[in-house]
Amino acid sequence: MHTKTPTNVIAYLLIVTAIASGFLFIGTALTGLLLLTWLGVGLRQAMVTRIWIRYPLSRWMLAYLGWLGIVVWWSTTPNVSWLTAWVLAGLPIAYLAWGMTPNPDKIWNALRPAFLLAGPALALWGLGQVVTGYGYGHPVGPLVDTNAFAALMNLFWFPAVVHFIRKMHHKGIHARLIVPAMGLLLVSLALFATESRGATLTWMVLMPWVLWAGFRATRNRRAVLAVLVIALVGYLGAANVLGLNVSHRTLDLKEDVSTNARLMMWKSAARIALDHPLTGTGWGTFAAQYPAYRDPRENSTSGFYAHNDYVQLAAEGGIPALVLMLGIAAGLLLQLKRSLARKENPHALEATGLLLGSLALFIHASLNFIFYFAFMNILAGLFVARAVQLITPSGIGSVQLGGFAQIGRVTKAILASFIALLLAGPLLLQLLAQTTLTGSQPGLTVLRTVWTTANPYAIAKLITAIRPSSGIAQEIMLRASEHALKDSDGISMVGGNFQRAVLEETLQRYELIRAQTANNPTQGVREARILIEYRDLLEPGIALQRARSILVQNLRTDPYHADSMIALSRLDLAEGHKQQAQQVLRAAWGHVLSRRDQQLVVVESLRQLAAPQKIAELDAIEKQLRNVRSDSETGKPLILPAHFSENIDARLASIAATLRHQP
């Protein structure tokens, strides 16, 4: 069936923008909407042709996609799980949508050069960071984690290798080979410059297969040798020119903090999975669940990811999620075997390169967080889908959709609109919240062209009325409630206490937010502070009792949460137990995991000892420490000034000495 060119252009743009949006650190709403639209275009094509062609892995991808939805349905943190599910859904949706995308050969011919250029372009970006001394001195491109960037380089490397071998085989040594050769050199140079052991080991495992496949398909020894020379030059360049050599990193567990930390994290993640074997704790909840299972010796990571996607998927999505992901990986190996066996298929070599690139992600995912990036999932799903399509162009079966023709056009339109609203509605609300309530609020300016009185509070109120689990909108409403609470003192109300009414409304909102964020200890501390500050508005003892209950629950959720321990000491102080408050802080200092948290505890201890005197320098020190946040939280490298912690310790020691000499 002939497909109009505009449809091809739409599909191409959807694929490219979906991948590009996956690099942005603004959430996943836009990516989810683009994936949903791409899937809609594919489904429409299937409805028009009244047939769905089934390829290898289609059932596994459908099952995985379905399980993503089931876990969201059962999750106690629906908003976080919903958004994270769209990150993970990039793999099955890209695979399934590509199989239904009209005119795939023509679209792929347009995508191939874009991918062949993307690898070197990203590599050049990363190498520029090394030269300019950006961040930690390793290439990361648009990312923060060097291992993830290395995995991306592997993904682009293997398809580029087979393209180079084929080009050299057909045209021999030619001036036009300079561009693809330079592209390979840049990718290999960036890969080795990351000093990623996981990516390098993965590369070493898969390289013999791509070289063997290239030689068997072309019988061109010079092409294979050229690839090896380029890789060797890349390694030597990284080691001798950039001074970055992966061989300098030890594999000795006794000496390597990073490897030890990973092993401890994996054990903790496995315990989470065993405690929640069916549907897990919900997508995106590992960071919230991990502290309760954390080994106290593991104090070198932020705890946002398990650094092993398979155990994290098991923890967040239950054992079925692990089985499904391993099933997809096994299916990928089977397709690789078939591509290597199809000597008579002229496209088998390209399929091998795509499969090896994708397989590199699946292998590296056992050592790092890979599939928690939306673009990784989309690229892997797309590469595998195209490879399978090249190996089995006609698929392995089909499903007739003629029955849908019996449904009236109006009924189909209503049904499609309902499903689209059900899936896209929460994503649109999230995108609205991101663009109008965060950062520079660019969406607010646009919205005011049609809603002239729009303001953050009105938008947040609208969003929370439709979707109470929206974290961004609830935060705006919470801040508004806190401001109203401060400004309500002295305002009278007929038949009651206005400030108390505002307090109760604020506390209700806190309870709602904590329930929907896995009892986020940060929100618990904020609620406890409100209860302590406005305790006189409630019945005697009720506010402090409630605050203690919240903080105790906080420390069950996160036994190392410094702010919960500080708040607990303030609670003891409010109850008149000054010595007990200091005992809590002394115990906290020896229990928290980071030096920064220890310093925050000392700040609070000195502040309490100095009371009622106020020491401005303590406030300044606390502000400095509060600005110290991990790169996982900010999306930027954490680079502290030289001797930052030592200087803080010296200032705190000076303040403590001054207090000791006071009468």
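The values are calculated or read from the model by the stated rules, or taken from the named source; none is laboratory data. As the structure is a computational prediction, the values presented were derived from the model and not from experiment. Heads up, the Cβs are rebuilt from the backbone with ideal geometry, glycines too, and the neighbour counts pull from every protein chain shown. We work out accessible area using only protein heavy atoms, side chains counted, and drop any ligands, DNA or RNA first. Shrake-Rupley method; radii C 1.70, N 1.55, O 1.52, S 1.80 Å.
What the table below lists for this structure:
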item: Relative pair counts by distance (%), Cα atoms of the stretch 112-190, 5 Å bins; result: 3, 17, 26, 21, 15, 9, 6, 3, 0
item: Peptides ranked, highest mean first, by Cβ atoms within 10 Å: ranges 111-120, 574-583, 138-147; result: 138-147, 111-120, 574-583
item: Positive-end extreme of charge dipole, the stretch 6-401 - chosen from Leu83, Thr202, Gly357 (charges on Cβ); result: Gly357
item: ³J(HN,Hα) computed for each position of the stretch 341-356 - Karplus, 6.51 cos²θ - 1.76 cosθ + 1.60, integer Hz, glycine/proline x; result: 8, 8, 5, 7, 7, x, 9, 5, 5, 4, 4, 4, x, 5, 5, 5
item: Most to least packed among 382-389, 333-340 [average Cβ atoms within 10 Å]; result: 382-389, 333-340
item: Ala610/His483 FRET efficiency (R0 45 Å; Cβ-Cβ; nearest 0.05); result: 0.95
item: Viscosity 1.002 mPa s, 20 °C: Kirkwood-radius Stokes-Einstein D of the stretch 224-350 over Cα pairs, µm²/s; result: 119
item: Rg [Å, one decimal], Dmax [Å, integer] - the stretch 17-63, C-alpha atoms; result: 13.5, 39
item: Candidate lysines for bridging to Lys106, where Cα separation is under 27 Å - those fewer than 8 sequence places away on the same chain excluded; result: Lys4, Lys167, Lys171, Lys337, Lys343
item: Whole-Hz ³J(HN,Hα) from phi, Karplus 6.51 cos²θ - 1.76 cosθ + 1.60, for the stretch 124-130, glycine and proline x; result: 4, 4, x, 5, x, 5, 5
item: For the stretch 555-587 and the stretch 503-527, distance of Cα centres in Å; result: 19
item: Label point 7 Å beyond Cα of Ser366 along Cβ direction - residues of the stretch 298-331 with amide nitrogen under 16 Å; result: 307-314, 322-331
item: Once the Cα gyration tensor of the stretch 6-401 is diagonalised, semi-axes √(5λ) in Å; result: 31, 29, 18
item: Total charge dipole magnitude, the chain, about the Cα centre, Cβ charges on Lys, Arg, Asp, Glu only, Debye to nearest 20; result: 2440
item: FRET E, pair Leu333, Gln400, Förster distance 25 Å, beta-carbon r, rounded to 0.05; result: 0.20
item: Length released on extending from Met182 to Arg112, taking residue separation times 0.36 nm less the Cα-Cα span; result: 23.5 nm
item: Amide H contacts of Ile51 (H built 1.01 Å from N, under 5 Å, at least 5 apart or other chain); result: Leu401
item: DSSP-assigned coil residues among trypsin sites (Lys or Arg not before Pro) in the stretch 248-333, each with at most 14 further Cβ atoms within 10 Å; result: Arg249, Lys254, Arg297
item: Label-to-label distance, nm, for residues given as Phe215 and Leu421 (7 Å Cα→Cβ offset); result: 6.3
item: Extension reserve of the Lys636-Thr658 stretch, reckoned as 0.36 nm per residue once the Cα distance is removed; result: 4.2 nm
item: Accessible heavy-atom area order of Asp105, Asp649, highest first, probe of 1.4 Å; result: Asp105, Asp649
item: Surface accessible to a 1.4 Å probe, per residue, for the residues of the chain, Å²; result: 47
item: Accessible-area ranking of Thr557, Thr49, Thr452, largest first, probe 1.4 Å; result: Thr452, Thr49, Thr557
item: Long-range HN-HN contacts of Asn497 with modeled amide H, under 5 Å; result: none
item: For the stretch 232-247, 3J(HN,Hα) per residue [Karplus equation, 6.51 cos²θ - 1.76 cosθ + 1.60, θ = phi - 60°, Hz, x = Gly/Pro]; result: 5, 5, x, 5, 5, x, 5, 6, 9, 8, 8, x, 10, 10, 5, 5
item: Spatial separation of Cα centroids for the stretch 158-222 and the stretch 76-98, in angstrom; result: 32
item: Nitroxide proxy distance, nm - points 7 Å out along Cα→Cβ at Glu505 and Ala413; result: 4.2
item: The stretch 146-300: Rg to Rh, with Rh as the Kirkwood radius over Cα pairs; result: 1.12
item: Mean Cα-pair separation over length for the chain, i.e. relative contact order, pairs under 8 Å, 6 or more apart, %; result: 16
item: Mean Cβ count within 10 Å, highest first, over the residues of peptides 416-424, 543-551; result: 543-551, 416-424
item: Members of Lys578/Lys623; Lys486/Lys614; Lys461/Lys486; Lys461/Lys636 lying beyond 23 Å, as alpha-carbon distances in this model show; result: Lys578/Lys623; Lys461/Lys636
item: Ellipsoid semi-axes in whole angstrom, largest first, where each is sqrt(5λ) of the Cα gyration tensor of the stretch 1-106; result: 26, 17, 10
item: Residue-span extension gain [Gln583 to Ala121] - 0.36 nm each, minus C-alpha spacing; result: 160.7 nm
item: Quotient of C-alpha Rg and 2.2 N^0.38 Å, computed over the stretch 427-615; result: 1.19
item: Cα-Cα separations in the chain greater than 50 Å, expressed as whole percent; result: 20
item: FRET efficiency, Val450 to Arg546 (Cβ-Cβ, R0 51 Å, nearest 0.05); result: 0.70
